[in-house]
Amino acid sequence: MAAADTFWEGAIARAVVAAVPDGGALHLGNSLPVRDADAFAARRAGDVRVFVSRGVSGIDGALATAAGEAMGAGRPTWALVGDLTCLHDLGGLLFLGQLRPDVTVVVVDNGGGGIFGVLPIARHPSAFERCFLTPQLFDLKALCAGCGVDYRRAGDLDNLRAALAPAPGPRLIHLPVDRTASAAARDAVNAALARVEVRP
Ligand SMILES: Cc1ncc(C[n+]2csc(CCOP(=O)(O)OP(=O)(O)O)c2C)c(N)n1
């Protein structure tokens, strides 16, 4: 992980997985969050229940699903999702504000569907941005205020860790990241991992 000293998505996933306390739950959104948590988070001890919606659905309904998981399991829940995943379920944000489950939504805002950056189409900027990346114009702080969800923004790991500390939800932590720098960090860490010698 030392191969990347920027505020990037793998380090964020690692911090979120580490922050869930014993007795808590973690919802991993589809696209990069579930992959980054799988690849870069440290193994956890303790009683943490992990939910993902793999196979049954796409990026839809993630916030409402996390609310249902928190209420059904009776556990404080941290949900790590991308910006498009969050925006896709603004109805779920309203739901969080009204039912007030103990959910912390952590939104990695890399300016659209960052996962598509690995596709060959990414080398054709105009088609890529309009048809794949699909960055959105939005004001998450105002949306949270309108839905009754506490909003915080963090731009480095220290502030993120402080914001992740257990506190009553619902709340949302907005993490703007530089998509290109984050992808470069992922590549650097993967390259460093490829050099690790594994002995039986
Ligand atoms: C309902 C639905 N619509 C579209 C897709 C296709 N899709 C897969 S990943 C993705 C981008 C998700 O973007 P974001 O949530 O910001 O996560 P990131 O890729 O940046 O990690 C899209 C649109 C999908 N999986 N489900």
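The values are calculated or read from the model by the stated rules, or taken from the named source; none is laboratory data. Just so it is clear, the model here is predicted, and its values are computed rather than measured. Here the Cβ positions follow ideal geometry from the backbone for every residue, glycine too, while neighbour counts run over all protein chains shown. Surface areas here come from the heavy atoms of the whole protein model, side chains and all, with no ligands, DNA or RNA. Shrake-Rupley method; radii C 1.70, N 1.55, O 1.52, S 1.80 Å.
With springs connecting C-alpha atoms under 10 Å apart, model the chain as a Gaussian network and identify which of R179, R171, R130 has the largest mean-square fluctuation.
R130
With only Lys, Arg, Asp and Glu charged, each at its Cβ (+1 for the first two, -1 for the last two), find how big the charge dipole of the stretch 9-194 is about the Cα centre; round to the nearest 20 debye.
140 debye
Determine the gain in length on full extension of the stretch A142-V48; use 0.36 nm per residue of separation and subtract their C-alpha separation, reporting nm with one decimal.
Length difference between fully extended and current span is 30.7 nm.
Using the basic label-point model (7 angstrom from Cα toward the beta carbon), what is the N159 to V118 distance in nanometres?
Going from the N159 label point to the V118 one covers 2.9 nm.
How large is the accessible surface of M1 in square angstrom, using a 1.4 angstrom probe and rounding to the nearest 10?
80 Å²
Find the accessible area per residue for the chain; the probe is 1.4 Å, ligands and nucleic acids are left out, and the unit is Å².
Value returned for the chain: 50 Å² of accessible area per residue.
If I compute solvent accessible area with a 1.4 Å probe over the protein chains, what percent of it on the chain is carbon and sulfur?
55 percent
Rounded to the nearest 5, what % of the DSSP beta bridges within the chain are antiparallel ones?
0 percent
Expressed as a fraction of 2.2 N^0.38 Å, the rule-of-thumb size for a compact globular protein of N residues, what is the C-alpha radius of gyration of the chain?
It is 1.00.
For the chain, modelled as a GNM with alpha-carbon contacts under 10 angstrom, which of S126, S182, S53 fluctuates the most?
Highest fluctuation among the options: S126.
Given a 10 angstrom Cα cut-off, can you work out which residue in P33, P125, P168 is the most mobile in a GNM of the chain?
Judging by the Gaussian network model, the answer is P125.
Distance between Cα centroids, the stretch 2-24 to the stretch 38-97: provide it in whole Å.
The stretch 2-24 and the stretch 38-97 have Cα centres spaced 16 Å from each other.
So how compact is the stretch 1-71: Cα radius of gyration and Dmax in angstrom?
Rg then Dmax for the stretch 1-71, in Å: 12.7, 39.
So for V106, V198, V34, what's the accessible-area order with a 1.4 Å probe, most first?
Correct descending sequence by accessible area is V198, V34, V106.
Could you tell me the convex hull volume per residue, in Å³, taken over the Cα atoms of the stretch 42-134?
For the stretch 42-134, the hull spanned by Cα atoms encloses 123 Å³ per residue.
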